[in-house]
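Notes to accompany the following structure.
The values are calculated or read from the model by the stated rules, or taken from the named source; none is laboratory data. Because the structure is a prediction, the values reported are computed rather than measured. So basically every Cβ, Gly included, is an ideal-geometry build from the backbone, and we count neighbours across all protein chains shown. Ligands, DNA and RNA are excluded from the accessible area calculation, which covers all protein heavy atoms including side chains. Shrake-Rupley method; radii C 1.70, N 1.55, O 1.52, S 1.80 Å.
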Amino acid sequence: MEAIRVTDNVYWVGAIDWNVRNFHGYTTPRGSTYNAYLMTGEKNILIDTVKRPFLDQLISRISSVMDVKDIDLIISNHTEMDHSSSLLEMQELTGAKVLASRKGKEALALHYPELDVDTVEDGSEIQCGGKTLKFINTPMLHWPDSMFTYIPEDKLLFSMDAFGQHYATNARFDDEVDQGILFQEAAKYYANIIFPLGSMVLKTLEKASELDIQILATSHGVIWRKNLPQILKAYTDWASGVTREKAVVVYDSMWGSTATMAMQIADGISSQGVDVEVLKLGETDRSWVIKEILDARAVVVGTPTINNTMFPTVADMVFYMKGLRPKGRIGAVFGSHGWAGGGTKAVREQLEATGFELPLEDLQIRYIPQEDEKEKCREVGRKIAELIKSSD
Ligand code: FEO
């Protein structure tokens, strides 16, 4: 397998995982890549490794440029195992020292006690063949250990997980792929992994703004070399909680009544010129729902009542969303029940705990919505649209 040149002496030597469909609970229908990079010269430096089952790809790509045994240093920007689980083998093979942040050394010791690791301080630099590698701590983006490595001479930032996409492709650069798919995958990645870390993202973007960057070499998906302003602007917006006039109606249904309510509410929202996305749980996984919530100003959740509480698929989604902590959203709740309610109340409690504002009463109907109840649903939809527009 071949290395791909990024600059005169920096190569992509990572792995393409075409088949991964679940990345610790996040669905990845387009697979992923584990990006590692090699800088050759006076010293040969490997920046990160790959998930252990892909070690052969890493070795093969490095070997297309140089003898693997000639690697002098390995930089570990992040301890999560999709990047670190080949470190031990690479150290055994090369004898190279591993460099990590202080928190990185701490975390690596808890993963691979035998690994020999030296620490690098925030802002410290090493020189190598006329080039500089500068280390920039980015704690909690998205682990305490995370750091960026920057080469000012190449205007190249190894940004670790930040700006990544779970997107397996034979293309290595952002200008070589479909832009719609690229930004959709970047948004899904942000929503599922980075959503709760907005304030850390803004701090990191501030640090990054002091650097002259022309290439953002992320650890997943394609390398950004053309659309940097667009992805940086997208991260700024997402981290600042910028939303648009859009509602997500997300629901599940036992016998079709809550589904009917969802369609009527969506119709009411849409009638006021507000975008609406209708997603049925069970058919749509939570990773996609969260991606749709990323730019939505309102989240409208529908559940039937089962055993006096919400439906299990709805519970899965609202708990997942609570962990990701979307801020500044309007919430609303609806659902059908038979003899005793409880579903909408349970959802409301979770949405309140997530920090949503819930200005409307929950909309509940018994059994099957009749014409007058359908009209009530449309009316609620219209009210949600007004709330969205008035919170511009
Ligand atoms: Fe791609 Fe946080 O690991």
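Residue 390 contributes about 90 Å² of solvent-accessible surface, heavy atoms of the protein only, 1.4 Å probe.
The angle between the Cα long axis of helix 312-324 and the main principal axis of the chain comes to about 50°, on a 0 to 90 degree scale. For the chain, the alpha carbon convex hull comes to 134 Å³ per residue, rounded to a whole number. Annotation: amide H-H contacts under 5 Å for residue 17 (H modelled 1.01 Å from N, sequence separation of 5 or more, or interchain): 32, 33, 34.
Expressed as an acute angle from 0 to 90° and rounded to the nearest 10, what is the orientation of the C-alpha long axis of helix 228-240 relative to the principal long axis of the chain? Once rounded, one gets 50 degrees.
Here the contact order of region 229-342, divided by its residue count and restricted to Cα pairs under 8 Å and six or more residues apart, works out to 32 percent. If you count only protein heavy atoms and use a 1.4 Å probe, how large is the accessible surface of residue 54, to the nearest 10 Å²? Approximately 40 Å² for this residue. On a 0 to 90° scale, report how tilted helix 198-209 is relative to the longest principal axis of the chain, with both axes built from alpha carbons and the result rounded to the nearest 10. Compared with the principal axis, the helix lies near 40 degrees. The count of lysine pairs in region 247-388 with alpha-carbon distances below 18 Å, taking only pairs 8 or more places apart or on different chains, stands at 5.
Ligands, DNA and RNA excluded, the heavy atoms of residue 169 present near 10 Å² of accessible surface to a 1.4 Å solvent probe.
In Å², what does the accessible area per residue of the chain work out to with a 1.4 Å probe?
Spelled out: the 1.4 Å probe surface of the chain, per residue, equals 41 Å².
If you count Lys pairs in region 4-240 whose Cα atoms are under 16 Å apart, skipping same-chain pairs closer than 8 places in sequence, the total is 14.
Using the Kirkwood formula over every pair of different C-alpha atoms, what hydrodynamic radius in Å results for region 25-137?
Working: mean 1/r = 0.0689 Å⁻¹.
After inverting the mean inverse Cα-Cα distance, the result is 14.5 Å.
Simple rule: put +1 on each Lys or Arg Cβ and -1 on each Asp or Glu Cβ in region 247-390, find the dipole, and look at 266, 343, 358; the Cα lying farthest toward the positive end is 358. Taking a sphere under 13 Å around the Cβ of residue 83 and counting the other residues whose Cβ falls inside, with K and R at +1 and D and E at -1, yields a net charge of -4.
Roughly speaking, to the nearest percent, how much of the chain's 1.4 Å accessible area is carbon and sulfur? The computed percentage sits at 50. Among 142, 78, the sequence by solvent-accessible area, most first, with a 1.4 Å probe is 142, 78. Within region 58-158, DSSP assigns beta bridges of which about 65% are antiparallel (rounded to the nearest 5).
Going by accessible surface with a 1.4 Å probe and the largest first, 160, 81 read 81, 160. Restricting region 142-193 to trypsin sites (Lys or Arg not before Pro) that sit in a DSSP loop and have at most 16 other Cβ atoms within 10 Å of their own Cβ leaves 155.
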